[in-house]
Structure formats: C-alpha cells, structure tokens
Amino acid sequence: MLAGPRQAGKTTLARSLAEKSRTYLTLDDATTLSAAKSDPAGLVRGLDQAIIDEVQRAPDLLLAIKESVDRDPRPGRFLITGSANLMTLPRIADSLAGRMEIIRLLPLAQSEILAQPAPRFLESLFAGRAPEPGTLRLGGDLVDLVLAGGYPEAVARKSWTRRQDWYDNYVEAVVERDVRDIANVDQLDRMPRLLRALAAHAGQLINHAGVGAGLDLNHVTTQKYTGIFEQLFLVRTLPPWHNNALKRLTKKPKLHFLDSGLLAALTGLTPEKVAADRSRFGAILETFVFSEILKLTGWSDDRFSLSHFRDKELDEVDIVLEDRDGRIVGLEVKASATVRSEDFSGLRKLAAATGQRFAFGAVLYDHEQTIAFGDRLAAAPLSSLWG
C-alpha cells in the first residue's frame, strides 16, 4: 500500500511502476466505487494483478482482498493506494496484518524537487558528525521554497496567487469528499474553519479547548476532528520526549502540518508578508523542517521515533530523534542567519540527560557555514537537509 495525502503523487508513482497488463481501478470513479461497495468480493474475484486507487473509500474491499491473497499468496498481486491511514479507521473490516506492507508517500522533499540524491543528513548526525551543507538557498530563496511546500501541482505553479487558489480548492475537496468517506462528522461545515484555526497554532503545544473555543466546539469534539485531519495526513501530533532523569518536562504534544505550503496558504502568508514581517515565518519553517525529517526517516533503512523536548523553564528542542539503538539526535530550528550560545540551552539539557546516548545536536539556521558550539553541538545550514 502507498499511503499519503491526496495529490502527493501516489497514483502517478503506482501507475509508473505497474506493468501494462495490470488492471487499474480507481474508487474516485462513481461506477467502480458503487461496485466495490455493493459487491466487493465480486469485484476482486476476477482480478489477478491490480492497482486499486483510494481504497479507503470502500473499507469492505480489504476483507475481499484478504480472502483473495489467502487463496493465492503470490506477492505483489495488489498494489493499493490510500489517502487515509487505514490502521486508524474504525470502519476498516480488516487491517491485512502480515499480508500488506505500507509505504508512506508524503509531498516532495527538497532533494526530489532539485533532482538530487537522497541526503546523508541523518546518517551524519547519528554518526556524531555535523551534516554537510547542500545547494545554498538563503534569504528570499529559502522563503520561496518553504512557502511553496512539496505538493507537485503547487510547486509547478510559479504565481503565489495560483498556488493559493490550488490550496483553497484542495482543502475544499478533502473536506467535502475524504472527511465524509472516513468519518461521520456532524458539523462538516466547521471543518475548514477548524483546519485554519489549527494552522494558527502550528508549531505550538496543543490546546484543544483553546483551538475550538472560537468555533463553539468543545475540547472533545476538537480533538476528534483534529484526529480526522491526522488520519488524512494533513497534520501530525508530535509527542513529548520523556526521561526519568528530568522531572520537569512538559507532557503536551506539539501540532505540526505535514506540508509547509499548505500551512502558508491556510494562514495567508505570502513572500511579501514575510519580507515585511518575518516574525510569522518561524512556525512555518519549523513545519518545513519537520516534514523534511519525516521524509528522510521514511527513506532510511533504520527506524526512528520522533518527539519534542520542553521543560518548565521553556528550554526546548524542536525535534528529538531516537534510533533503534537508543541513540539521540536533537534539532532546533532558527529562522535567522545568526545563532548564539543560548540557542543551544535545550540541546545541552537533552545531552546531559542522555549522556553517551546523545549522538549530536544541531541548530539549523539560514546561513551557509557550519559552526561548532561544543562537543557534539553545531549550528548547521538548513540546506544540509537536502545536501
């Protein structure tokens, strides 16, 4: 299964990999969807090798696929795509546990947009080395690429007005179609407004009561609806890092969007507005870095857990990565071209709490030089993410 948000390129990738003889079915087609819902076993029965697109629209189809692969267990008979996290949907008849491998496909990373090889960013950090800078894109160039995001259709549009129109239509389509497919929502008309309210709180600790207050939604409903957006790969909650060595740590998760372009469009941020007031750029830059890190972890042969660090003194680390061996890497994001020693206060606390497990800590900033700030600490260019 290829899983990820709509318009990330799942269908294009699936069809490019498939043999010409492989049957292609999309559940965005009304007739095919009707057949999948009314007689899923009958639809699957005649398929030998197939691509089935947007499978979350007919949850009972997974049970029919399970029966088919149990009878004929040749690997690769079915390549399915989905714009929702099937593992979290209550209506899914069967998870296909042990029968299906899930590959998550997010919008394009910068290295993909630039047609460069996969960067060795994480490999360097976990080896205790500062990452190498990549193709330099600073100042206004950085703002433009962050606000563009990674959706192929949006990146292809050079005018910000046309990108804004695309994102507006994207949100409308997701709410009108995909939300209806995966959940029973009593107040569907409030979902676009909630998504914009969440955008205003991106990069912050989640307070469902505060987010929902302006929409007359209680914290339970706000949390439920936020979970729907998470299932659709639009947002993600980043859990707090915890350690017995540090007692005064925050226990609240942090909210991130999975694409900085979508976040910029929802908040109405344009390159001109950033040029006039850069204060709002920090939250979107943090989302951009978080999204790039998610893509890098997805490409790696290793597996990582992601969290954030914050204590009662407000010292923090934006992203904490831990690998299977328990090694820790901390990343702090700065929108400026200057880094000071105090910007490493959270990383130093994280290093002290984890001792030899601490592999490296980096402050990513808008400059081209890598500068050491002590043992296993450095300021590193944001371009290291695609270097």
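If you scan the stretch 167-190, which residues turn out to be touching a residue at least 24 places away in the same chain (Cβ under 8 Å), more than 20 Å from Ala58 (Cβ to Cβ) and not in a loop (DSSP other than H, G, I, E, B)?
Answer for the stretch 167-190, where residues must be touching a residue at least 24 places away in the same chain (Cβ under 8 Å), more than 20 Å from Ala58 (Cβ to Cβ) and not in a loop (DSSP other than H, G, I, E, B): Tyr167, Asp168, Tyr170, Val171, Arg190.
If I ask for residues that are among the aliphatic types (A, V, I, L, M), closer than 30 Å to Ala154 by Cα and surrounded by fewer than 18 Cβ atoms within 10 Å (Cβ to Cβ), which ones from the stretch 9-40 would you list?
First, pick out the residues of the stretch 9-40 that are among the aliphatic types (A, V, I, L, M): 13-14, 17-18, 25, 27, 30, 33, 35-36.
Restricting the remaining residues to those that are closer than 30 Å to Ala154 by Cα gives 13-14, 17-18, 25, 27, 30, 33.
The answer is Leu13, Leu17, Ala18, Ala30.
Would you check if Phe78 is at pLDDT 90 or above, of a type outside the set (Ser, Thr, Tyr), farther than 21 Å from His367 by Cα and more than 24 Å from the chain's Cα centre (by Cα)?
Numbers: at pLDDT 90 or above: yes; of a type outside the set (Ser, Thr, Tyr): yes; farther than 21 Å from His367 by Cα: yes; more than 24 Å from the chain's Cα centre (by Cα): yes.
Taking the combined requirement at face value, the residue satisfies it.
Scan the stretch 31-70 for residues that are among the charged types (D, E, K, R), assigned to a helix (DSSP H, G or I) and farther than 21 Å from Pro5 by Cα and report the count.
Residues flagged as among the charged types (D, E, K, R), assigned to a helix (DSSP H, G or I) and farther than 21 Å from Pro5 by Cα within the stretch 31-70 amount to 5.
Taking the conditions exactly as written (in the same structural domain as Ala372 (by TED's automatic domain parsing), more than 18 Å from the chain's Cα centre (by Cα) and surrounded by fewer than 20 Cβ atoms within 10 Å (Cβ to Cβ)), does Glu176 satisfy them or not?
Values: in the same structural domain as Ala372 (by TED's automatic domain parsing): yes; more than 18 Å from the chain's Cα centre (by Cα): yes; surrounded by fewer than 20 Cβ atoms within 10 Å (Cβ to Cβ): yes.
When the stated conditions are applied, Glu176 passes them.
In the stretch 42-73, what residues are touching a Pro at 6+ places or on another chain (Cβ under 7 Å) and of a type in the set (Asp, Glu)?
Within the stretch 42-73, just Asp60 meets the criteria.
The values are calculated or read from the model by the stated rules, or taken from the named source; none is laboratory data. Owing to the predicted nature of the structure, the values given are computational and were not obtained by experimental measurement. FYI the Cβ positions are ideal-geometry reconstructions off the backbone, even for glycines, and counts take in every protein chain you see.
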